[in-house]
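Below you'll find the structure, written out as structure tokens, and then a few comments.
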Amino acid sequence: MSSGWSFCSLRMLLLNKPLAELTEADLRRLGSEEIREGKTIDYKQALPTDQAEAKKEFLADVSSFANTAGGYLIYGIEEREGIPIKIAGIREQDLEAVALRLESSVRDGIEPRIPVVRTHPVKLKDGAAVVIVEIGRSWAGPHMVTYKGTSRFYARNSAGKYQLDVQEIRAAFIGADAVTQKLRDFRTDRIAKVIGGDLGFDLISQAVTMLHVCPIAAMANAEILSLDQMRNGNDSQHLRPIYSSGWNERITFDGLIRLHETVKEPVRVRSYAQVFRSGCIEAVDCSMLIPHGDPPKGGFPSGVFEHKIAGALDSYLRYARTLGLEPPFVVFLSILNVRDYGMILNSYYGDAPNRVDRDHLLLPELLVENPTMPATVLLKPCFDAIWNACGFDGSFNYNEAGQWQPR
């Protein structure tokens, strides 16, 4: 078997089920299929000890995967010329303590922190275990080993890990910046299309809430999702418009879109959610920000507004995970065409200290490393900023401890 297999190819061969469900039979396929160690996999017979040199070697291995394409360190397997020849296993009684020790070493010995490092023991029939350390490709790097004053960067190729030289370190930083800029350019381009009416359909209002969830790795790799992946059975229900209980679905050049449309002619769109072939998710809602009253006056319905956005973000992060997209994700919240909008308090327009003094509120981007964290926690800085724009110290829907407690 070629040593040039990609991380994704290995996952498809070995990991047709979650790592936590792997069995000894699954591991034996590594030998029978002659999966050679290389860029995305490294076999080790023994766990790293607590001695300094062993820790440095372990951290170098982990950072090299994170700085390249991600991969697996597999402990408890003997190899010859890179091919597994025996599943010897690790005889440790407290595997949970092993996982904590390894993951703690990574947290304390590598900077910046690597978003995805998971440890999974696979029990063997003889009572031993194989310990798999999964390292995701990171776009928060490059990552440097800092343990005991070390300042070294590592990457991997088919021959294993190697230390980066000055030119390669510079290229790694430039590459990370390029991915970040690509994401920001995507947001800017999509905002321009909404403001310019270049969507292929009309919205019911110019005042728009716009939410983007972008997996960094998918954008960087220009991965292409299939329509079957996008629909993905019942899990695709997580791709829904922000403020809607029903929708119509269309296939477009960009991917898959679900629209909540008006019933009466002319048909216009109240809210939509779409997934791009790259894995990015875009949701736009007009219905929550339609001006009301005589004369019409614009405002943020504070409770409903935050509740619906947080619920949508939770759903989109779940949907992204069903697509197999790994964190970190970048989340953008943009509020368009809301000059002179105020905050609606207690179902009526309260005496807000001031009203929004600009056309668009482009809230700071959020880096989501743990997609299972409640969206109300993730979005608090954005919600506070919207209330700031209306003259308040922060959102009224959080208590003094910063916990979500809607009015």
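The values are calculated or read from the model by the stated rules, or taken from the named source; none is laboratory data. This structure is a prediction, so every number in the text was calculated from the model and none was measured. In this analysis, Cβ positions are derived from the backbone assuming ideal geometry, glycine residues included, and neighbour counts consider all displayed protein chains. Note: areas computed on protein heavy atoms with side chains; ligands, DNA, RNA excluded. Shrake-Rupley method; radii C 1.70, N 1.55, O 1.52, S 1.80 Å.
Numbers at a glance
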{"read-out": "Most mobile listed residue (F392, F201, F276) in the chain, GNM with C-alpha springs under 10 Å", "value": "F201"}
{"read-out": "In Å², nearest 10: area of R277 left accessible to a 1.4 Å probe", "value": "70"}
{"read-out": "Cβ-based net charge around Y243, under 14 Å, with every Lys or Arg adding one and every Asp or Glu removing one", "value": "+1"}
{"read-out": "Neighbour net charge for Y341 - beta-carbon separation under 9 angstrom, K R +1, D E -1", "value": "+2"}
{"read-out": "Rg/Rg_ref, the stretch 167-304, where Rg_ref = 2.2 N^0.38 Å and atoms are Cα", "value": "1.22"}
{"read-out": "Table column - 3J(HN,Hα) (Hz), the stretch 312-320, Karplus curve with 6.51, -1.76, 1.60, x for Gly and Pro", "value": "5, 4, 3, 5, 5, 5, 5, 4, 4"}
{"read-out": "Cβ charges +1 (Lys, Arg) and -1 (Asp, Glu), total dipole of the chain, debye", "value": "300"}
{"read-out": "Vicinal HN-Hα couplings computed from phi for the stretch 155-171 (Karplus, 6.51 cos²θ - 1.76 cosθ + 1.60; Hz; Gly/Pro x)", "value": "9, 9, 9, 5, 8, x, 7, 8, 8, 6, 8, 4, 5, 5, 4, 4, 5"}
{"read-out": "Cα-based helix-to-principal-axis angle, 95-109 vs the chain, degrees rounded to 10", "value": "70"}
{"read-out": "Computed accessible area, I386, all protein chains, 1.4 angstrom probe, square angstrom", "value": "0"}
{"read-out": "Around L164: net Lys/Arg minus Asp/Glu count, Cβ-Cβ under 12 Å", "value": "+2"}
{"read-out": "For C280, distant residues with modelled amide H under 5 Å away", "value": "none"}
{"read-out": "Residue with peak Gaussian network fluctuation, the chain [Cα springs, cutoff 10 Å], from S395, S104, S226", "value": "S104"}
{"read-out": "Largest to smallest accessible area among F65, F173 [probe 1.4 Å]", "value": "F173, F65"}
{"read-out": "Listed residues V130, P215, M230: farthest to the positive end of the dipole of the stretch 120-243 (Cβ charges)", "value": "V130"}
{"read-out": "Cα-based Rg of the stretch 316-407 normalised by 2.2 N^0.38 Å, two decimals", "value": "1.23"}
{"read-out": "Rounded accessible area of M288 (nearest 10 Å², 1.4 Å probe)", "value": "10"}
{"read-out": "Accessible area in the full protein assembly, largest first, 1.4 Å probe, for F396, F305", "value": "F396, F305"}
{"read-out": "Listed residues T252, S151, I35: farthest to the positive end of the dipole of the chain (Cβ charges)", "value": "T252"}
{"read-out": "Calculated [θ] (222 nm, deg cm²/dmol) that DSSP helices of n ≥ 4 give over the chain, each run adding -39,500 (n - 2.57)", "value": "-9500 deg cm²/dmol"}
{"read-out": "0 to 90° range, to nearest 10: angle between helix 380-389 axis and the chain longest Cα axis", "value": "30"}
{"read-out": "The chain: angle of helix 52-66 to the longest principal axis, Cα-based, in degrees nearest 10", "value": "50"}
{"read-out": "Viscosity 1.002 mPa s, 20 °C: Kirkwood-radius Stokes-Einstein D of the chain over Cα pairs, µm²/s", "value": "91"}
{"read-out": "Highest-fluctuation residue, A60, A88, A140 considered, GNM on the chain with Cα pairs under 10 Å", "value": "A88"}
{"read-out": "Out-of-range pairs (alpha-carbon distance over 29 Å; input K125/K148; K56/K125; K193/K264; K56/K123; K55/K380)", "value": "K125/K148; K56/K125; K55/K380"}
{"read-out": "Percent carbon-and-sulfur accessible area, the stretch 75-181, ignoring ligands, DNA and RNA, probe 1.4 Å", "value": "47"}
{"read-out": "By accessible area with a 1.4 Å probe, ligands and nucleic acids excluded, highest first: order of L164, L336", "value": "L164, L336"}
